[in-house]
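A.B. asks: Before we start, here is the structure in question, set down as structure tokens.
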């Protein structure tokens with residue numbers, strides 16, 4: 001049975017309801033999450049679709065601002081509206097007005113204390129590399145192809161230095177506007193199956209390009225161009241110019257965001273895997 005998105009006083013004509021939703025998207029065709037004046041965005045497409053169902057303009061707020069070409073299996077967003085709809089009407093109506101590369105999985109009513117961004121306790125990302133001599137055709141928009149053999153054990157040893165609270169100034173974009181570069185990583189691991197390498201990272205929040213810069217740095221270690229302890233030195237020196245390249249966006253996925261249980265929101269359990277071609281996992 002669909003949940004009704006109602007106010008404690010349903011007869012109040014100016015009642016405002018807050019709606020949360022979980023969605024996935026292929027970011028290949030978009031200029032990232034955030035609305036841009038002259039380029040397609042996930043946020044813009046979602047706001048336009050929700051506005052049709054609400055019969056009024058809506059403003060969408062997301063849990064994370066993914067970059068151009070970055071994907072998501074569980075982005076969470078919220079918006080406020082005067083419209084009163086049940087959850088299935090919201091989900092089906094929004095999806096019917098979205099392009100095929102964006103899909104809403106669930107919709108829930110939430111109190112006005114909820115914020116998709118500020119209520120999040122942690123966020124998780126996965127980065128996929130295909131490591132083999134020959135290129136990638138079918139998944140070229142979903143993985144980073146690295147032809148040079150990578151030593152995953154050395155990469156994992158290097159990644160371990162990033163666990164915990166650190167100043168990640170050496171791993172953020174020059175254009176990053178965050179007032180502080182201190183972040184906490186609670187999990188970071190690499191998994192190697194066949195020709196695919198997956199980096200999984202969970203933290204309280206992330207800086208602009210942080211995961212991609214970490215991945216580019218770990219690849220340099222995996223190629224044997226730097227020692228694993230070099231990563232610890234980068235943290236200490238806090239100089240982006242000294243760390244590895246920024247990994248390309250297409251291998252990155254926003255995979256999970258956790259909120260206090262009181263909000264009763266679904267969690268994401270689906271792993272991110274290459275979808276076609278060789279069975280990497």
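Computed from the coordinates by the stated procedures, all read-outs in this text should not be read as laboratory data. Just so it is clear, the model here is predicted, and its values are computed rather than measured. Reconstructed Cβ throughout: ideal geometry from the backbone, glycine too, with neighbour counts over all protein chains shown.
A.B. asks: With contacts defined as alpha carbon pairs under 8 Å and 6 or more residues apart, what's the relative contact order of the range 17-119 in percent?
C.D. replies: Details: 220 pairs, mean separation 42.9, N = 103.
This gives 42 percent for the range 17-119.
A.B. asks: Tell me what the chain gives for mean residue ellipticity at 222 nm when only DSSP H runs of n ≥ 4 count, each as -39,500 (n - 2.57), the sum divided by the residue total, rounded to 500 deg cm²/dmol. Spell out each step's value before the answer.
C.D. replies: Working: 5 runs with 52 residues, N = 281.
Helix-only estimate at 222 nm: -5500 deg cm²/dmol.
A.B. asks: Measure nothing fancy, just the Cα-based angle from helix 42-54's long axis to the longest principal axis of the chain, in degrees from 0 to 90, nearest 10.
C.D. replies: The helix 42-54 is inclined about 10 degrees to the chain.
A.B. asks: Three principal axis extents, largest first, for the C-alpha atoms of the range 98-161, in Å?
C.D. replies: Cα extents, longest axis first: 51, 37, 13 Å.
A.B. asks: What full-extension length gain, to one decimal in nm, is calculated for residue 187 and residue 92 as 0.36 nm per residue of separation minus the Cα-Cα distance? Mind dumping the intermediate values first?
C.D. replies: On the way: separation 95, 0.36 × 95 = 34.20 nm, distance 3.51 nm.
Full extension from residue 187 to residue 92 adds 30.7 nm.
A.B. asks: Also, quick follow-up: In nm, to one decimal, how far is the modelled label at residue 56 from the one at residue 118, with both set 7 Å along Cα→Cβ?
C.D. replies: Going from the residue 56 label point to the residue 118 one covers 2.2 nm.
A.B. asks: Taking only the C-alpha atoms, wrap a convex hull around the range 55-178 and report its volume per residue in Å³ as a whole number. Provide the component values of the computation, followed by the final result.
C.D. replies: On the way: hull volume 22.0 nm³, N = 124.
Once divided by residue count, the hull of the range 55-178 is 178 Å³.
A.B. asks: Hey, what's the per residue convex hull volume over the C-alpha atoms of the range 122-254, in cubic angstrom?
C.D. replies: Details: hull volume 12.9 nm³, N = 133.
Expressed per residue, the convex hull around the Cα atoms of the range 122-254 is 97 Å³.
A.B. asks: Å³ per residue of the Cα convex hull, for the range 29-94? All intermediate terms of the calculation are to be shown ahead of the outcome.
C.D. replies: Working: hull volume 6.0 nm³, N = 66.
Hull volume over Cα atoms, normalised by residue count, gives 91 Å³.
A.B. asks: Another question, then. Rounded to the nearest 10 degrees, what's the angle between the helix 210-222 long axis and the longest principal axis of the chain, both from Cα atoms, 0 to 90?
C.D. replies: Computed tilt is about 20 degrees.
A.B. asks: Here's another thing I want to ask about it. Using mean Cβ contacts within 10 Å as the protection proxy, how do 222-230, 21-29 order, highest first?
C.D. replies: In decreasing order of mean packing, 222-230, 21-29 become 21-29, 222-230.
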